[in-house]
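Notes follow the structure.
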Amino acid sequence: MIPWLGEEEAEAAAEAVRSGWVAQGPRVAEFERAFAAEVGAAHGVAVSSGTTALHLGLVALGVKAGDEVVVPSLSFIATANAARYVGATPVFADVDPVTGNLTPETITAVLTPRTRAVILVHQGGVPADLDALRGLCADRGLALLEDAACAAGVRYRDQPVGAGAQVAAWSFHPRKLLTTGEGGMVTTDDAEFAARMRRLREHGMNVSAADRHASTKPVLEAYLETGFNYRMTDIQAAVGLVQLRKLAPTVAERRRLAARYQRELADIKGLTPVTDPEYGQTNYQSFWVHLDERFPVTRDDLLLRLSDAGVSARRGIMAAHLEPAYADVSTPRLPATEDLSLNSLILPVFHGMTDGQQDRVVAVLKGLGGD
Ligand SMILES: *Cc1c(COP(=O)(O)O)cnc(C)c1O
């Protein structure tokens, strides 16, 4: 995936450098306000990555050692790791075979008296069914952290997915649609959560470094609890502000390319492209296709054929419970997760992709699976 970065971002970063204020400062504050508004949340707390956003989110929600946190195995491994950072135990739940997301049924199947929280993922940009999942967690008294790392520009019913989230964690890694190099954000409507996360990202200090510098009088800070250094720099935020303006056209272009793939691939037996669920709109950050037994070659063979044709596709989304890092978590079979992870692949979609480039991908797939 090629990020859409240009002269404007380079100039914004240079301006931050010339201003002399390179660490967390006014540009971070501005980026937080603009991003939170874009995703429909009252507060944004910028951090160093999507992973640190997930960690802070779990701390804010009060998840602790001894708690169980339900997570989808079908996700980038950082989702499950976040539970371990607070000393909790990740419990892997299966996903819907079509959307790749947790459902009330898959969560309910793994609840125990120790379950304290759920981390839902809008996988690859496909929105999870928020009403159903938020309703389940509210009914059961479970905290809900939304891993929105892939979800900038994703819509649930008539709103951005961040709207109404207890806590949502976003990533600005270059694989996502909006990038600051590395970076992340936690959004929430809860002013107390936001204030605590602001402190925690900055060593637990009760006065931010920016406020201390801005003050004309000496300010004596106190350290209220054990925090972290999870700050974003003003250089990153300057880039993020430019990227945020490109988000809507980026998503529109993704959706155009996705519609073209969907049209061209519709008649191939045994191959099912990802689509919008009835309740929302994906940003098509990842355009995956799932293969079933009617498709003439295996997923790995198809990856090879594509690579021979000069097309760089990637394997489908990983399954964390199959990785050595989680071999000690006893997990029952997760049929939909394993099927999606082993039998799907992600086709190229990137900024500036031409119809001709896309046609080359389609030609390989049709050559194998067409009539
Ligand atoms: C990318 C990603 C993360 C991690 O974000 P980083 O910014 O790379 O730390 C977490 N969860 C999901 C679902 C992701 O796709």
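Each Cα pair under 8 Å and six or more residues apart adds its separation to the average, and for the chain the resulting relative contact order is 22 percent.
Expressed as a whole percentage, what fraction of the accessible surface of the chain belongs to carbon and sulfur atoms when a 1.4 Å probe is rolled over the protein heavy atoms?
Numbers: 8340 of 15730 Å².
Using a 1.4 Å probe with all protein chains present, the chain comes out at 53 percent carbon and sulfur.
By its C-alpha gyration tensor, with a ≥ b ≥ c as the square roots of the eigenvalues, how is segment 231-371 shaped: rounded for a/c under 1.5, else prolate for a/b larger than b/c, else oblate? Note, shape of segment 231-371 comes out oblate. For GLY227, the residues whose modelled amide H falls within less than 5 Å of its own, excluding neighbours fewer than 5 places apart on the same chain, are GLY204.
Relative to the longest principal Cα axis of the chain, at what angle does helix 355-369 sit, 0 to 90 degrees, rounded to 10? With both axes taken from Cα atoms, the answer is about 50 degrees.
Here the Karplus curve 6.51 cos²θ - 1.76 cosθ + 1.60, taken at θ = phi - 60°, turns the phi angles of segment 256-272 into couplings of 5, 5, 5, 4, 5, 4, 4, 5, 5, 9, 4, 8, 7, 5, x, 10, 10 Hz, with x standing for Gly and Pro. Dividing the radius of gyration of the alpha carbons in segment 188-291 by their Kirkwood radius gives 1.24 for Rg/Rh. Accessible surface ranking for TYR279, TYR326, 1.4 angstrom probe, highest first: TYR279, TYR326.
Whole-Hz Karplus values for segment 155-172 come out as 10, 10, 6, 9, 10, x, 5, x, 5, x, 6, 4, 9, 10, 10, 10, 10, 10 Hz, taken residue by residue from phi with 6.51 cos²θ - 1.76 cosθ + 1.60 and θ = phi - 60°; glycine and proline positions read x.
Solvent-accessible area of PHE350, all protein chains in place: 40 Å² (probe radius 1.4 Å, heavy atoms, ligands and nucleic acids excluded).
Distance from the alpha carbon centroid of segment 103-137 to that of segment 174-240 works out to 28 angstrom. Surface analysis of the chain yields an accessible area of 42 Å² per residue, using protein heavy atoms and a 1.4 Å probe. May I ask you to evaluate 6.51 cos²θ - 1.76 cosθ + 1.60, the Karplus curve with θ = phi - 60°, for each residue of segment 218-227 and list the ³J(HN,Hα) values in order in whole Hz, giving x for glycine and proline? Whole-Hz 3J(HN,Hα) from phi for segment 218-227: x, 10, 9, 8, 10, 10, 7, 7, 6, x.
Under the rule of at least 5 residues apart or a separate chain, name every residue whose amide H is placed under 5 Å from the amide H of HIS290. Here THR272, VAL274 satisfy the definition. Each label was represented as a point 7 Å from its Cα along the Cα-to-Cβ direction; for ALA10 and ALA309 these points are 3.5 nm apart.
With N as its number of residues, the chain has a Cα radius of gyration that, divided by 2.2 N^0.38 Å, comes to 1.01. Note on ARG157: accessible area is roughly 120 Å² with a 1.4 Å probe, heavy atoms of protein only. Each part gets one Cα centre, and for segment 74-99 versus segment 27-56 those centres are 22 Å apart.
Summarising the amide proton neighbourhood of VAL91: residues at separation of 5 or more, or on other chains, whose placed amide H is nearer than 5 Å comprise VAL69, VAL70, VAL71.
The values are calculated or read from the model by the stated rules, or taken from the named source; none is laboratory data. Nothing here was measured: the structure is a model prediction, and the numbers come from that model. No Cβ is skipped: glycine too gets one built from the backbone with ideal geometry, and neighbour counts run over all protein chains shown. With ligands, DNA and RNA removed, areas are computed over all heavy atoms of the protein, side chains included. Shrake-Rupley method; radii C 1.70, N 1.55, O 1.52, S 1.80 Å.
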